[in-house]
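The values are calculated or read from the model by the stated rules, or taken from the named source; none is laboratory data. Treat the numbers as computed from the prediction; the structure is a model and nothing was measured. When we count neighbours, we look across all protein chains shown, and the Cβ atoms used for this are built from the backbone with ideal geometry, even at glycine. Accessible surface is based on the protein model in full, side chains and every heavy atom, while ligands, DNA and RNA are left aside. Shrake-Rupley method; radii C 1.70, N 1.55, O 1.52, S 1.80 Å.
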Amino acid sequence: MVKKRTCIFISGQGTNLKNLISRSRDNSFPIKISLIISNNKKAYGLNYAKKYKIPHIIINSKKRNYENKILINLSKYNISFICLAGYMKIISNKLVNTYKKKIINIHPSLLPKFKGLNIYSRILKNREIKSGCTVHYVNEKLDDGCKITQKTFFINLQDNEQTLQKKTQKLEHKAFPEAIIKIFRKS
Ligand code: GRF
(Lines give C-alpha, C1' and ligand atoms only; values in the text may rest on other atoms or scores of the structure.)
Protein backbone atom coordinates (compact mmCIF):
# COMPACT_ATOMS: atom_id res chain seq x y z
CA MET A 1 0.00 0.00 0.00
CA VAL A 2 1.32 3.42 -0.98
CA LYS A 3 0.68 5.79 1.87
CA LYS A 4 -0.51 9.33 1.14
CA ARG A 5 2.12 11.90 2.05
CA THR A 6 0.31 14.00 4.63
CA CYS A 7 0.90 17.30 6.38
CA ILE A 8 -0.64 17.94 9.79
CA PHE A 9 -1.31 21.56 10.78
CA ILE A 10 -1.29 22.36 14.50
CA SER A 11 -1.28 25.34 16.85
CA GLY A 12 -1.31 23.86 20.34
CA GLN A 13 -1.25 20.71 22.44
CA GLY A 14 -1.14 18.26 19.55
CA THR A 15 -2.97 15.34 21.17
CA ASN A 16 -4.62 14.57 17.82
CA LEU A 17 -1.23 14.81 16.13
CA LYS A 18 0.27 12.40 18.65
CA ASN A 19 -2.56 9.98 18.07
CA LEU A 20 -2.23 10.18 14.27
CA ILE A 21 1.54 9.67 14.48
CA SER A 22 0.96 6.54 16.50
CA ARG A 23 -1.73 5.22 14.12
CA SER A 24 0.31 6.01 11.02
CA ARG A 25 3.15 3.77 12.20
CA ASP A 26 0.84 0.89 11.35
CA ASN A 27 1.54 -0.35 7.80
CA SER A 28 -2.14 -0.59 6.96
CA PHE A 29 -2.95 2.99 7.98
CA PRO A 30 -3.37 5.02 4.75
CA ILE A 31 -1.23 8.08 5.55
CA LYS A 32 2.41 8.84 6.25
CA ILE A 33 3.00 12.04 8.21
CA SER A 34 5.64 13.70 6.08
CA LEU A 35 5.41 17.24 7.39
CA ILE A 36 4.05 19.16 10.37
CA ILE A 37 3.25 22.87 10.16
CA SER A 38 2.63 25.05 13.19
CA ASN A 39 1.78 28.74 13.30
CA ASN A 40 2.83 28.78 16.95
CA LYS A 41 6.48 28.27 17.81
CA LYS A 42 5.51 27.32 21.38
CA ALA A 43 2.98 24.65 20.35
CA TYR A 44 3.51 21.63 22.62
CA GLY A 45 2.68 19.40 19.65
CA LEU A 46 6.04 20.33 18.07
CA ASN A 47 7.68 18.08 20.67
CA TYR A 48 6.11 15.09 18.90
CA ALA A 49 7.58 16.25 15.61
CA LYS A 50 11.01 16.35 17.26
CA LYS A 51 10.59 13.07 19.14
CA TYR A 52 9.54 11.17 16.00
CA LYS A 53 11.93 13.08 13.73
CA ILE A 54 9.21 14.33 11.43
CA PRO A 55 10.08 17.42 9.35
CA HIS A 56 8.36 20.45 10.83
CA ILE A 57 8.04 24.08 9.95
CA ILE A 58 6.99 27.04 12.03
CA ILE A 59 5.30 29.77 10.11
CA ASN A 60 4.70 33.29 11.29
CA SER A 61 1.09 33.91 10.41
CA LYS A 62 1.46 37.58 11.27
CA LYS A 63 3.60 38.02 8.17
CA ARG A 64 1.98 38.89 4.88
CA ASN A 65 2.25 36.05 2.35
CA TYR A 66 2.85 33.43 5.03
CA GLU A 67 0.63 31.10 3.08
CA ASN A 68 3.07 31.22 0.17
CA LYS A 69 5.64 29.67 2.50
CA ILE A 70 3.09 26.98 3.36
CA LEU A 71 2.33 26.26 -0.32
CA ILE A 72 6.03 26.11 -1.21
CA ASN A 73 6.70 23.60 1.56
CA LEU A 74 3.66 21.47 0.77
CA SER A 75 4.98 21.16 -2.74
CA LYS A 76 8.59 20.62 -1.61
CA TYR A 77 7.51 17.71 0.61
CA ASN A 78 5.19 16.33 -2.06
CA ILE A 79 2.14 16.55 0.17
CA SER A 80 -1.11 15.19 -1.21
CA PHE A 81 -3.33 15.26 1.88
CA ILE A 82 -3.74 17.72 4.78
CA CYS A 83 -5.21 17.29 8.27
CA LEU A 84 -6.01 20.36 10.35
CA ALA A 85 -5.62 19.21 13.96
CA GLY A 86 -6.27 22.18 16.20
CA TYR A 87 -4.90 24.70 13.69
CA MET A 88 -6.20 28.06 14.89
CA LYS A 89 -5.95 29.99 11.62
CA ILE A 90 -8.44 30.23 8.81
CA ILE A 91 -6.86 28.95 5.64
CA SER A 92 -7.15 30.91 2.43
CA ASN A 93 -9.31 30.08 -0.58
CA LYS A 94 -6.09 29.62 -2.54
CA LEU A 95 -4.93 26.80 -0.27
CA VAL A 96 -8.42 25.25 -0.17
CA ASN A 97 -8.59 25.28 -3.96
CA THR A 98 -5.08 23.95 -4.46
CA TYR A 99 -5.95 20.96 -2.25
CA LYS A 100 -9.63 20.63 -3.10
CA LYS A 101 -11.25 17.72 -1.21
CA LYS A 102 -7.80 16.92 0.19
CA ILE A 103 -8.02 18.94 3.42
CA ILE A 104 -9.91 17.72 6.46
CA ASN A 105 -10.49 19.32 9.86
CA ILE A 106 -11.52 18.09 13.28
CA HIS A 107 -13.97 20.23 15.23
CA PRO A 108 -15.12 19.75 18.85
CA SER A 109 -18.88 19.96 18.30
CA LEU A 110 -21.68 18.29 16.42
CA LEU A 111 -21.50 20.47 13.32
CA PRO A 112 -23.40 22.35 11.98
CA LYS A 113 -23.98 23.31 15.61
CA PHE A 114 -21.37 25.50 17.32
CA LYS A 115 -19.01 26.58 14.58
CA GLY A 116 -16.10 28.84 15.52
CA LEU A 117 -14.50 29.32 18.94
CA ASN A 118 -15.30 28.90 22.67
CA ILE A 119 -17.33 25.82 21.89
CA TYR A 120 -17.56 24.26 25.36
CA SER A 121 -18.83 27.37 27.15
CA ARG A 122 -21.41 27.93 24.41
CA ILE A 123 -22.59 24.31 24.60
CA LEU A 124 -23.05 24.57 28.38
CA LYS A 125 -24.78 27.93 28.12
CA ASN A 126 -27.18 26.49 25.58
CA ARG A 127 -27.99 23.53 27.90
CA GLU A 128 -27.32 20.98 25.17
CA ILE A 129 -28.07 17.38 26.10
CA LYS A 130 -25.43 15.92 23.84
CA SER A 131 -22.21 16.91 22.18
CA GLY A 132 -19.32 15.32 20.32
CA CYS A 133 -16.90 15.92 17.48
CA THR A 134 -16.96 16.14 13.71
CA VAL A 135 -14.39 15.42 11.05
CA HIS A 136 -15.24 17.25 7.83
CA TYR A 137 -13.77 18.36 4.53
CA VAL A 138 -12.58 21.96 4.49
CA ASN A 139 -14.18 24.39 2.07
CA GLU A 140 -14.10 28.17 1.76
CA LYS A 141 -16.43 28.71 4.73
CA LEU A 142 -15.55 28.25 8.41
CA ASP A 143 -16.31 24.76 9.84
CA ASP A 144 -18.67 24.11 6.97
CA GLY A 145 -17.53 21.39 4.51
CA CYS A 146 -19.08 17.97 3.97
CA LYS A 147 -19.12 15.72 7.05
CA ILE A 148 -17.00 12.54 7.09
CA THR A 149 -17.45 11.23 10.65
CA GLN A 150 -19.28 12.39 13.73
CA LYS A 151 -19.20 10.94 17.26
CA THR A 152 -21.58 11.77 20.08
CA PHE A 153 -21.82 11.57 23.88
CA PHE A 154 -24.47 12.67 26.38
CA ILE A 155 -23.80 15.64 28.65
CA ASN A 156 -24.30 15.26 32.43
CA LEU A 157 -25.48 17.96 34.80
CA GLN A 158 -22.06 17.73 36.46
CA ASP A 159 -20.16 18.45 33.25
CA ASN A 160 -18.08 21.60 32.98
CA GLU A 161 -15.79 22.95 30.27
CA GLN A 162 -12.89 20.72 31.37
CA THR A 163 -14.92 17.49 31.43
CA LEU A 164 -16.54 18.33 28.09
CA GLN A 165 -13.11 18.86 26.58
CA LYS A 166 -11.85 15.58 27.99
CA LYS A 167 -14.85 13.63 26.71
CA THR A 168 -14.71 15.33 23.32
CA GLN A 169 -11.00 14.72 22.82
CA LYS A 170 -11.37 11.07 23.75
CA LEU A 171 -13.87 10.75 20.89
CA GLU A 172 -11.68 12.83 18.57
CA HIS A 173 -8.86 10.34 18.95
CA LYS A 174 -11.20 7.68 17.55
CA ALA A 175 -12.95 9.85 14.97
CA PHE A 176 -9.90 11.31 13.17
CA PRO A 177 -8.23 7.99 12.27
CA GLU A 178 -11.61 6.49 11.39
CA ALA A 179 -12.35 9.37 9.01
CA ILE A 180 -8.98 8.94 7.30
CA ILE A 181 -9.53 5.21 6.85
CA LYS A 182 -13.02 5.90 5.47
CA ILE A 183 -11.72 8.41 2.90
CA PHE A 184 -9.04 6.15 1.49
CA ARG A 185 -11.17 3.03 1.58
CA LYS A 186 -13.47 4.79 -0.87
CA SER A 187 -10.79 6.03 -3.27
C1 GRF B 1 -9.34 19.76 19.24
O2 GRF B 1 -10.33 19.69 20.22
C3 GRF B 1 -9.91 20.08 17.90
O4 GRF B 1 -11.23 19.65 17.74
C5 GRF B 1 -9.88 21.57 17.86
O6 GRF B 1 -8.71 21.93 18.55
C7 GRF B 1 -8.38 20.90 19.48
C8 GRF B 1 -6.96 20.53 19.24
O9 GRF B 1 -6.47 19.68 20.23
N10 GRF B 1 -9.97 22.06 16.50
P11 GRF B 1 -5.02 19.03 20.09
O12 GRF B 1 -4.06 20.15 19.78
O13 GRF B 1 -5.07 18.00 19.00
O14 GRF B 1 -4.77 18.43 21.44
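Odds and ends about this structure:
- Here the chain carries DSSP beta bridges of which approximately 40% are antiparallel, counting only pairs with both residues inside.
- Using Cβ point charges alone (K and R +1, D and E -1), the dipole size of the chain about the Cα centre works out to roughly 480 debye.
- For Lys101 and Gln158, a Förster radius of 25 Å and the Cβ-Cβ distance give a FRET efficiency of 0.05, rounded to the nearest 0.05.
- Lysine pairs meeting the criterion (Cα under 16 Å, 8 or more apart or interchain), as found in the range 59-130: 10
- Among Cys133, Cys83, Cys146, the largest mean-square fluctuation in a Gaussian network model of the chain (Cα springs under 10 Å) belongs to Cys146.
- Theoretical gain in end-to-end length, Ile58 to Tyr77 [0.36 nm per residue, Cα-Cα removed]: 5.4 nm
- For the chain, the relative contact order works out to 19 percent when only alpha carbon pairs closer than 8 Å and six or more residues apart are counted.
- With only the Cα atoms considered, the range 23-140 has a convex hull volume of 138 Å³ per residue.
- On the chain, 51 percent of the accessible area sits on carbon and sulfur atoms, based on a 1.4 Å probe.
- Counting only protein heavy atoms and a 1.4 Å probe, the chain has 57 square angstrom of accessible area per residue.
- Sequence of Met88, Met1 when ordered by accessible area, the most exposed leading, probe 1.4 angstrom: Met1, Met88
- Within the straight-line cut-off of under 19 Å between alpha carbons, the aspartates and glutamates reachable from Lys141 are Glu67, sequence neighbours fewer than 8 places apart in one chain being disregarded.
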